[in-house]
Amino acid sequence: MKAAPNGLQRAALETTWCTVSIHAGRQGVWSCDLPPAPRQRAMPRLRVLSVKWPLDPDPVLRRAVAYARAVLAGRTPPSLPPVHPAVFESAAPFYRSAWRALRGIPRGARTTYARLAARAGRPAAARAAGGACRANPVPLFLPCHRVMAANGQWGGFSAGLPWKIHLLRLEGVGS
């Protein structure tokens, strides 16, 4: 991905699992970093404990944090903040198409990598759809956790399977 555009701000959501960082500015969300979940036998319940804000936070950053907090709490989120246009401009054409197709997967629904590839215009590109999901810089905002393997298995997730499973369960989707 290209260098971050000017004018971005960072908010840090301190959770019981890790710190989730969101970078956003006037034009939209640039990144959402989900560090790997802790590897524990009994995972603590994921809760947002606090948010560290920049001075005078941008309204889009405020929207992004409100959206992320709702998603992480299992609540229906407010309207989706825009994704920064440079996120799409810096990606390969198929990744852009796949990321746009991710927006069409409703909360609580799942699809497969093959169906995502078809929605992105390349029905035979299931592996490439997986690559697009893996490269997604804003996973809470372009919901790649809703994409599963064709055999019904979880598939992968850039931040690790505990995140994917947790996010799907919050949406009411079991294994």
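The values are calculated or read from the model by the stated rules, or taken from the named source; none is laboratory data. The shown structure was predicted, so the numbers you read here are calculated from the model rather than taken from an experiment. With ideal geometry, Cβ positions are generated from the backbone for all residues, glycine too; neighbour counts draw on all protein chains shown. Just so you know, the surface numbers come from the protein's heavy atoms only, side chains and all, with ligands and any DNA or RNA stripped out. Shrake-Rupley method; radii C 1.70, N 1.55, O 1.52, S 1.80 Å.
Okay, residues lined up against (1) in contact with an Asp or Glu (Cβ under 8 Å, 6 or more places away or on another chain); (2) outside any loop (DSSP other than H, G, I, E, B); (3) closer than 19 Å to Pro44 by Cβ:
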site: Pro139; (1), (2), (3): no, no, no
site: Leu142; (1), (2), (3): no, no, no
site: His145; (1), (2), (3): no, yes, no
site: Gly152; (1), (2), (3): no, no, no
site: Gly155; (1), (2), (3): no, no, no
site: Ala159; (1), (2), (3): no, no, yes
site: Ile165; (1), (2), (3): no, yes, yes
site: Leu168; (1), (2), (3): no, yes, yes
### Residues that are open to solvent by 10 Å² or more (accessible area, probe 1.4 Å) and among the aromatic types (Phe, Trp, Tyr), drawn from the stretch 128-175
Trp154, Phe157
### Task
Report, by residue number, each residue of the stretch 71-87 that is buried (at least 16 other Cβ atoms within 10 Å of the Cβ) and not in a loop (DSSP other than H, G, I, E, B).
Val71, Leu72, Val83, Ala86, Val87
#### Entry: Residue ID - least open to solvent (accessible area, probe 1.4 Å), chosen from residues in the stretch 111-123 that are touching a residue at least 24 places away in the same chain (Cβ under 8 Å) and not polar (S, T, N, Q)
Leu116
### Query
Residues in the stretch 61-70 that are open to solvent by less than 40 Å² (accessible area, probe 1.4 Å), of a type outside the set (Val, Ile, Thr) and touching a residue at least 12 places away in the same chain (Cβ under 8 Å): how many?
4
### Task
Using the structure shown, decide if Gly108 is more than 13 Å from the chain's Cα centre (by Cα), surrounded by fewer than 16 Cβ atoms within 10 Å (Cβ to Cβ) and in contact (Cβ under 8 Å) with a residue 60 or more places away in the chain.
yes
### Query
Going by the structure shown, is Trp99 open to solvent by 20 Å² or more (accessible area, probe 1.4 Å) and of a type in the set (Phe, Trp, Tyr)?
no
### Task
Within the stretch 10-24, work out how many residues are in contact with a Cys (Cβ under 8 Å, 6 or more places away or on another chain) and surrounded by fewer than 17 Cβ atoms within 10 Å (Cβ to Cβ).
1
### Task
Inspect all residues belonging to the stretch 25-48 and state whether any of them is open to solvent by 40 Å² or more (accessible area, probe 1.4 Å) and assigned to a helix (DSSP H, G or I).
no
### Task
Quickly run through the stretch 124-175 and pick out the residues that are out of contact with any Leu (no Cβ under 7 Å at 6 or more places or on another chain), in contact (Cβ under 8 Å) with a residue 12 or more places away in the chain and of a type in the set (Val, Ile, Thr).
Val138, Val173
